[in-house]
Structure formats: structure tokens, C-alpha cells
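Input: a single structure, listed below in C-alpha cells.
The values are calculated or read from the model by the stated rules, or taken from the named source; none is laboratory data. Since this is a predicted model, take the numbers as computed values, not measurements. Reconstructed Cβ throughout: ideal geometry from the backbone, glycine too, with neighbour counts over all protein chains shown.
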Amino acid sequence: MPSPKPFSSGGQRRAVFFDRDGVLNEAISRDGKPHPPASLDDLVLLPEARAAVDLVHDAGFVAICVTNQPDVARGTLERSAADAMNNYVAEELGLDDLVACFHDEADGCACRKPRPGMMLEAAGKWDLSLPESYVVGDRWRDVEAGARAGCYTILVDRGWKERQAEIEPNARVNSALGAANWIVRHQGEK
């Protein structure tokens, strides 16, 4: 079987954008809603996360984490603690990059999901074809950000008690590895 191409037909790379909390590491559930870990000591990588990253790498994708971390703007998490967790996740899982938004909704930034700014930033840095890329997340914000960036979207359905995305994801799965398997099987299908 031939190896998948790391570049699209137009010469650009393809990426899989993974959300962090609830997709690559455990989210803390409070009243059915997800919250990030408060420190590196509280961060637990999900057992299938490394296999998911390895699988998309083997299929020729760039693996990038895109994560909202508004607790920094809210003053409930130090930026150094958020950076330590992000660095740990990126290094332990072998990610190519990690892009974080440290703003809260009131800041009105272009990077906070459901806005597509983090994917657009990474696309410029990595020469990515967004229409041939995928966003994997566990919340409506991830699905809507991916759709706004022009990517395929995959919801890791954790059953969170919050509003659903107004845009239907291309697939629903139960883990990052399930998403990676779906991507490898369906890459490029409309």
C-alpha cells in the first residue's frame, strides 16, 4: 500500500487540529460541564492520545493542538501554569505545534474558539490547506471554529451538558483515537 502524501494536491500540508482538554487530556467535569486541570499535577493525558497523534502523523498530517485557556484572562490560572501544561502535552504526545488562546469571551479576540483564528494562524505558519484539514474537539466551540476555518470537523462526544453546535460535525466519535481512525479511513471525502 502506498504511503499517504504529507502534502495536498496543491502542495500544501494537511493538519489535524486537536483540542486539548477532553480530547488529549482529561477534562475536569463539574455539573456535567468540562473544565481544564488547574495545574500540571492535575493534568492526566488520555490513554489513547499518543496513538491518535501517531496515527495522523503516519498518515502524513501535521498534528497541532488548538486550545482555549480563558482561566488565564480570568485570573484563576497563572500563565506559567498554562504554559507548563501546554508544553507537557505537546512534548509527551509528539505534537508538531500547540496554539493557545488565553483570552476570555469579553476580550473579543479573533483566536478564541468558536472563532477560527488559531487554525488560520497555524495555516500560515505551516503552509496548511484548511479544506483538507480536520478539527477534533469535544465541544460546540471546536466544531464551529473548525467549520468557520473551512475544515472537516469531528466531535468527540463526551455528553457535556451545554449547548450543541449549530453546525453538524462531519463525524461523532468517542475518543481522539476514534477521530484519528475516522480521518485515516475518510480523508478527503465530502
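Residue count for the range 24-65, restricted to those that are at pLDDT 95 or above, among the hydrophobic types (A, V, I, L, M, F, W, C) and in a loop (DSSP other than H, G, I, E, B): 6. With respect to LEU98, determine if the residue is within 12 Å of the chain's Cα centre (by Cα) and either in contact (Cβ under 8 Å) with a residue 24 or more places away in the chain or surrounded by fewer than 20 Cβ atoms within 10 Å (Cβ to Cβ) (or both). Judged against the criteria, LEU98 is a match.
Of all residues in the range 113-128, those that are surrounded by 22 or more Cβ atoms within 10 Å (Cβ to Cβ) and touching a strand residue (DSSP E or B) at 6+ places or on another chain (Cβ under 7 Å) total 5. crowded, with 19+ Cβ neighbours inside 10 Å, touching a helix residue (DSSP H, G or I) at 6+ places or on another chain (Cβ under 8 Å) and under 29 Å from GLU132 (Cβ atoms): does that describe VAL56? Judged against the criteria, VAL56 is a match.
Counting only residues that are within 18 Å of GLU26 (Cβ to Cβ) and not in a helix (DSSP H, G or I), the range 67-96 holds 5 of them. Name the residue that is farthest from GLU121 (Cα to Cα), counting only residues in the range 175-190 that are in contact with an Asp or Glu (Cβ under 7 Å, 6 or more places away or on another chain) and outside any loop (DSSP other than H, G, I, E, B). Here the residue is LEU177.
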